[in-house]
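Visitor: Supplied in structure tokens, the structure appears directly below.
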């Protein structure tokens, strides 16, 4: 599986703060055999986020695109809206699971607005901006990601195992 990571942060994009989430996610994915072929840091600008997500998905180079940052309720947190503008189909279960599992650790999980969806044959998943939150949330949904990627790319195998 090939992946790209997009960090969304005004302060990281100007060099005011170092990006911790992008490198943490890259390490986490590589430990699971995922080839992370591109990472980038851009500001919290909705049009730019949408543009980058569309470019990456349309390129056919990535099976998985993770975003980190911009999923809360601050005025500049626009990642979910930017993602929704470019995906062909939403996958609400990803956000639901991340919020449900995160709620076991912090009540602030209730204000996460992360979404996930498919554009062409690329799975896009929004993650929190903190390294700990990002890696925890990807771990919550990881069991479904390889299967989702295979299915959206045309895998004809049955999804479930017959009983018996």
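Visitor: I'd like to know if region 100-116 contains one or more residues that are part of a helix (DSSP H, G or I), in contact (Cβ under 8 Å) with a residue 24 or more places away in the chain, surrounded by 12 or more Cβ atoms within 10 Å (Cβ to Cβ) and touching a strand residue (DSSP E or B) at 6+ places or on another chain (Cβ under 6 Å).
Guide: Within region 100-116, not a single residue is part of a helix (DSSP H, G or I), in contact (Cβ under 8 Å) with a residue 24 or more places away in the chain, surrounded by 12 or more Cβ atoms within 10 Å (Cβ to Cβ) and touching a strand residue (DSSP E or B) at 6+ places or on another chain (Cβ under 6 Å).
Visitor: If you don't mind, there's one more thing I want to ask. Restricting to region 30-53, what's the tally of residues that are more than 16 Å from residue 79 (Cα to Cα) and without any contact (Cβ under 8 Å) to a residue 60 or more places away in the chain?
Guide: Restricting attention to region 30-53, the residues satisfying the condition of being more than 16 Å from residue 79 (Cα to Cα) are 30-39.
Applying the additional criterion that residues be without any contact (Cβ under 8 Å) to a residue 60 or more places away in the chain yields 30-31, 33-39.
Counting residues in region 30-53 that are more than 16 Å from residue 79 (Cα to Cα) and without any contact (Cβ under 8 Å) to a residue 60 or more places away in the chain gives 9.
Visitor: Could you look through region 54-71, keep only residues that are farther than 15 Å from residue 2 by Cα, in contact (Cβ under 8 Å) with a residue 60 or more places away in the chain and touching a helix residue (DSSP H, G or I) at 6+ places or on another chain (Cβ under 6 Å), and pick out the one that is surrounded by the most Cβ atoms within 10 Å (Cβ to Cβ)?
Guide: The residue in question is 68.
Visitor: If a residue has to be outside any strand (DSSP E or B) and closer than 24 Å to residue 50 by Cβ to count, how many in region 117-135 make the cut?
Guide: Within region 117-135, the subset outside any strand (DSSP E or B) is 120-121, 128-135.
Filter again for closer than 24 Å to residue 50 by Cβ, leaving 120-121, 128-130, 133-134.
Residues in region 117-135 being outside any strand (DSSP E or B) and closer than 24 Å to residue 50 by Cβ: 7 in total.
Yes or no, residue by residue, for (1) in contact (Cβ under 8 Å) with a residue 60 or more places away in the chain; (2) surrounded by fewer than 12 Cβ atoms within 10 Å (Cβ to Cβ); (3) closer than 28 Å to residue 76 by Cβ; (4) out of contact with any strand residue (DSSP E or B) (no Cβ under 8 Å at 6 or more places or on another chain):
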site	(1), (2), (3), (4)
121	yes, no, no, yes
125	yes, no, yes, no
131	yes, no, yes, yes
134	yes, no, yes, no
148	no, no, no, no
156	no, yes, no, yes
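Laboratory data are not the source of any read-out in this text; all were calculated from the coordinates shown. Note that the coordinates shown come from a computational prediction; the quantities given were computed from them, not determined experimentally. Note: ideal-geometry Cβ built from the backbone for every residue, glycine included; neighbour counts use all protein chains shown.
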